[in-house]
Structure formats: structure tokens, C-alpha cells
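The values are calculated or read from the model by the stated rules, or taken from the named source; none is laboratory data. Predicted, not measured: the structure shown is a model, and the values here were computed from it. Neighbour counts are summed over all protein chains in view; Cβ atoms, including those assigned to glycine, are modelled from backbone coordinates with ideal geometry.
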Amino acid sequence: MPGYNNPMGNSPLEVKVISKRFGVPNNTSLDVFVQHDGYKALKKALASTPEDVINIVKNSGLRGRGGAGFNTGMKWSFVPKQSAKPKYVVCNADESEPGTCKDRPLMEYDPHQLIEGIVIAGFAIQSHQGFIYIRGEYRYLLDIVDKAIAEAYAAGYLGQNIQGSGFDFELCTHTGAGAYECGEETALLNSLEGLRGYPRIKPPFPAVVGLYGGPTVVNNVETLSNVPHILLNGAEWYANLGSPKNGGTRLFCLSGHVNRPGVYELPMGFPLRRIIEEVGGGVLGGKKLKAIVPGGSSCPVLTMDEIDVNMDYDSVAKAGSMLGSGGVVVLDEDTCMVKFVGRIMRFYAHESCGWCIPCREGTSWLKHLFDRFNAGGALPGDPDTALDVSMNILGKTLCPLGDAAAMPTISILKKFRHEFEEHLQLGYCPHEKKVVSV
């Protein structure tokens, strides 16, 4: 939106690190970025050694913000120091997880921050080429990011002999065609090489054999945007912003039945209940809470009795779900969970690349079963069949797309089984009837 420079939700509870320049006039320009500490971290990194940079990032507790939550510095350390083939840094900007919209504002409102993080990552692993792989539907961001890249080249922050350091680094953008599957790092690499976006068998992992067969680091936009702040302020500072082993802040995308939806930057470990009630202003219309999706549609749902959890990777995993990509979706008491899981499955059945039989066939079967439920023609054994199909997808595919379809389905079938039974008994959705009669 032209002239709109503040896409965030704005809450006094926020701790703004990677969003601190949002709302600053002309915040996409190099001049404004430099006026607000831009590229200072890069200069600091170039005056250090690659090993020092990796250790600082490792000790900061920064974990991948794309979903897996692996320690970023540790991931960088897996790249071999010596390689017969070129090394690469690939930024995963293929943000496709339903309920997630955090990478878009980072590219739209502070692209130089991302560029700086990528160059630092390149120096850390001694790579000289980077790519920003942008989701197909984000094609409008190309002009913004490409303009920032051109400014960085002109000012000597990209290209040959960066800032007189002797370090060279080239960077360009590349768009996908809008496939959810290409958010998986090896499918993304295949797409970047001009191949079909199918996942690769691992091992070997991209850190050793990645893009064009060379050692490759793949990190997402939010992860790389944090790197300059860690270098500038130190590992201890960043680690202390969050909870143990979960350093820093997180962009949480709050949506659904909530009074104040938006993207909020909060410390890692911030309580989920407070996100809903204080940051989001409670459930829309004063209704009761039914369920929460804590980290994007691929995560197992939490019930209203399970929301007393801290939002970091370890705590949410202990609660039986995942922090994922930070997409928090609030579902109120009138939400039909049968319809909700059906909508999720239509997405995953459509986005399955078809490479694995359990995913290709399983998601189609689940879509068929839930469509039958929502049409009023479900059979008594359908809930058990859906659970059985989901369990036979889980852990049996080459990439996590199958798991992404199976995990929320299993959680909804187990926690809201009574709603499926009600559909079977009545032959229609009781929530729809309730709405019609009001």
C-alpha cells in the first residue's frame, strides 16, 4: 500500500529489534538504513574472522525462524571450510505457510537489513554468491528488493572487495512459481536450478551438497534479518532477550477470531495466553476460545485448556505442538473443526508435489473424507479411517509436507472427535444451523 510504512500490530508489549525501522520514513532507502545503524554489523563482521562470526551467532541462541528451529550458527558450522565447488547462501523467501505473513514486511519495509544479514552469512561460510528465492505471489516485492540490491552494489556493500576488506559477494533475486513445496529447502534448491520443485533425499544435506552440488546454507528471511543485530550488539545481549536456548525475538502473525490481528515482535518465550488476551485484545466479539493454531497450519492445534504455554520451540514442543513459522490463528467457540480441517486438507492436497505416494494419495483421501463429512454424507467409520490414513502419512515422506498435513489432522480428530460424531449423527453441521437460526 503506497505510503503505508507500519504493517505491524503495535503493542506496548513488543520488543522491536528487526522491526525497529518499520514506520521510519523512506525506510527502504540505503541512506535511511545507514542513518539507523545499517551495515555497521557487516563492517564489524568483516573485521573479524569467519569462525568468530559463526561462534557469535551460535552462542546467541538464534534458531531458524522457518519452522524447524535449528541453531543457526550450528547450521553454518556444518559447511566445510574447504570445498572444490563454490559455496552458496540461499535466502528462503518462499513464505507459503497458511497463517504466516512475517517475511513480507521484512522485505517490503527493511530490505537492506536482509541483504546485510545475507552478506554476513556469506562471509561466515566463505561463500561468494547468494540468492534470494522469493515466493511467486510475492513478485511485487522484486522491485523493492532489487532496488535495494542495486543501492548496495553502488555503495560497495555488495560486489568485489566489499568495503576494502578483500571479500567478494554477489547477490540476486529469483522467483518461484508459487508452490508451497518449494518452501522445503531441497525442493527450493531444485527449483533454483531450473528443475521441478521435488524434494531431494537426505543425506547428503545442503550444507555439504546443496545448490549445483556445492555446500549451501539455506536460511529464511526472518533468520537472516536477525544476524546484523547479533553482530552489532553481541551474543549475550541477543540470548537474554528470549528464553533459555531460544534467543531473541520472534515475529508472531496473529490472525483469526481476535480483536487486534497483526504482526507483533515479541520476546521468545512470551506466554501464548498473553498474546491472545493482552496483545490481541481477546477473542473477537467476546466469544469463548475453542482452539489455537500456534505456528501455522501445519502444527497440531491446542485447545483452550492448553494455552498456558510459553512461545518458544522447546515449550511448545513439550505441549505437543510446534512453534513453526509463528502463525498464531485464534479459533472461537463457533468454529466448526470439521470444516476447519477440511479447508486445511484442501490446501495440502492441492500443494502436494506428488513425489511420495503416502503424501500424494493420503492427502487426496483425507480431502475426500472431509468433503464427505461437510456434505452430510459421512460414513460411521470415516473418523477412524481419516486417523488411520493420517498415521500412515506421518513420518513416511521425503519432506515434511506429508507431516504438515497429518499432524493437525491427527490433533483435531483426537481432540474434537465429538464434532465429527455430531456431523455423523445429525447429517449436517450443527454450527451452521446455529448461525442460521439466530
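Scan segment 372-422 for residues that are touching a residue at least 24 places away in the same chain (Cβ under 8 Å), exposed (fewer than 15 other Cβ atoms within 10 Å of the Cβ) and part of a helix (DSSP H, G or I) and jot them down.
Of everything in segment 372-422, those that are touching a residue at least 24 places away in the same chain (Cβ under 8 Å), exposed (fewer than 15 other Cβ atoms within 10 Å of the Cβ) and part of a helix (DSSP H, G or I) turn out to be LYS414, ARG417, GLU421.
Checking the condition surrounded by fewer than 19 Cβ atoms within 10 Å (Cβ to Cβ), more than 27 Å from GLN82 (Cα to Cα) and either in the same structural domain as ALA349 (by TED's automatic domain parsing) or out of contact with any helix residue (DSSP H, G or I) (no Cβ under 6 Å at 6 or more places or on another chain) (or both), which residue from GLU265, GLU193, GLU277, GLU170 passes?
Of GLU265, GLU193, GLU277, GLU170, the one residue that is surrounded by fewer than 19 Cβ atoms within 10 Å (Cβ to Cβ), more than 27 Å from GLN82 (Cα to Cα) and either in the same structural domain as ALA349 (by TED's automatic domain parsing) or out of contact with any helix residue (DSSP H, G or I) (no Cβ under 6 Å at 6 or more places or on another chain) (or both) is GLU277.
Pick out, from segment 220-293, the strands (runs of 3 or more DSSP E) lying fully within it that include 3 or more residues that are hydroxyl-bearing (Ser, Thr, Tyr).
none
Which numbered condition in (1) part of a loop (DSSP other than H, G, I, E, B); (2) in contact (Cβ under 8 Å) with a residue 12 or more places away in the chain is the only one that SER48 fails?
(2)
When you scan segment 56-128 for helices (runs of 4 or more DSSP H) that lie fully inside it, which ones turn up with 2 or more residues that are modelled with pLDDT of 95 or more and within 30 Å of ALA349 (Cα to Cα)?
In segment 56-128, 103-109 are the helices (runs of 4 or more DSSP H) which contain 2 or more residues that are modelled with pLDDT of 95 or more and within 30 Å of ALA349 (Cα to Cα).
Return only the number of the condition from (1) over 30 Å from LEU426 (Cα atoms); (2) of a type outside the set (Val, Ile, Thr); (3) touching a helix residue (DSSP H, G or I) at 6+ places or on another chain (Cβ under 6 Å) that PRO300 does not satisfy.
(1)
Across segment 319-346, what is the total count of residues that are within 20 Å of the chain's Cα centre (by Cα) and farther than 30 Å from GLY286 by Cβ?
Number satisfying all stated conditions: 1.
Which of the residues that make up segment 81-113 are closer than 25 Å to ASN161 by Cα and crowded, with 24+ Cβ neighbours inside 10 Å?
Result: TYR88, VAL89, VAL90, CYS91, ASP110, PRO111, HIS112, GLN113.
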